Amino acid sequence: MTISVYQQNVNVQFPTKERNYCQFDEIKVLYYLSQKEKALPHIDNVLKTTDDEREVTESLYIVNRMLDDKIQGIDKMYPSFSRFNDTKSPNIQTFLAGIYRKTKVPDAFGPLIKMLITNSINSERQVANFDPNEEIGGAILDYLV
């Protein structure tokens, strides 16, 4: 698998007051979706090695889309996802909660609770253009059902 597509400039647009969702490089996303399970090692490596919020958010978005496409083996990437369990980024939190909601990895339940409590305590400092607690709360509810 060639990684040149992933090494291109990360073209991620975070939510704004007018648009409460992220926008990603759809060509890059579709490329990784077409690679299916073969793309997982590269995405896993990116998540293990980068701290760039745009790159992490885009990688998590791709993983979320892969889960929708029923790509197998994503639950085994929990150690790479868990690196971001304490993030303050509402973008990363939202996609991470979505992944945890779909994979229901048992180890992720506690971090979801911690994220929701921490966000609630620090809600006055949150300046997101959307509320990540909606996805976090939904993920928690899915674990309980």
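The values are calculated or read from the model by the stated rules, or taken from the named source; none is laboratory data. Predicted, not measured: the structure shown is a model, and the values here were computed from it. So basically every Cβ, Gly included, is an ideal-geometry build from the backbone, and we count neighbours across all protein chains shown. Accessible surface is based on the protein model in full, side chains and every heavy atom, while ligands, DNA and RNA are left aside. Shrake-Rupley method; radii C 1.70, N 1.55, O 1.52, S 1.80 Å.
Tabulated results
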| item | result |
| --- | --- |
| Protection proxy ranking, peptides 50-56, 70-76, average beta carbon neighbours within 10 Å, highest first | 50-56, 70-76 |
| Within the chain, helix-based [θ] at 222 nm, where runs of 4 or more DSSP H residues each add -39,500 (n - 2.57), nearest 500 | -17500 deg cm²/dmol |
| Principal-axis tilt of helix 132-144 within the chain, Cα atoms, nearest 10 degrees | 90 |
| Inter-label distance for T118 and L33, nm, one decimal - labels placed 7 Å from Cα along Cα-to-Cβ | 3.1 |
| Contact order normalised by residue count of segment 32-97, Cα under 8 Å, 6+ apart, percent | 38 |
| Relative contact order (percent, whole number), the chain, Cα cutoff 8 Å, 6+ residue spacing | 23 |
| Hz values of 3J(HN,Hα) by residue in segment 88-104 - Karplus curve (6.51, -1.76, 1.60), Gly and Pro given as x | 9, 5, x, 5, 5, 4, 4, 6, 4, 4, x, 5, 5, 4, 7, 8, 6 |
| 0 to 90° range, to nearest 10: angle between helix 26-35 axis and the chain longest Cα axis | 70 |
| Surface per residue (accessible, 1.4 Å probe) for segment 94-145, Å² | 55 |
| Distance between modelled label sites at T49 and Y21, nm, 7 Å Cα→Cβ extension | 3.1 |
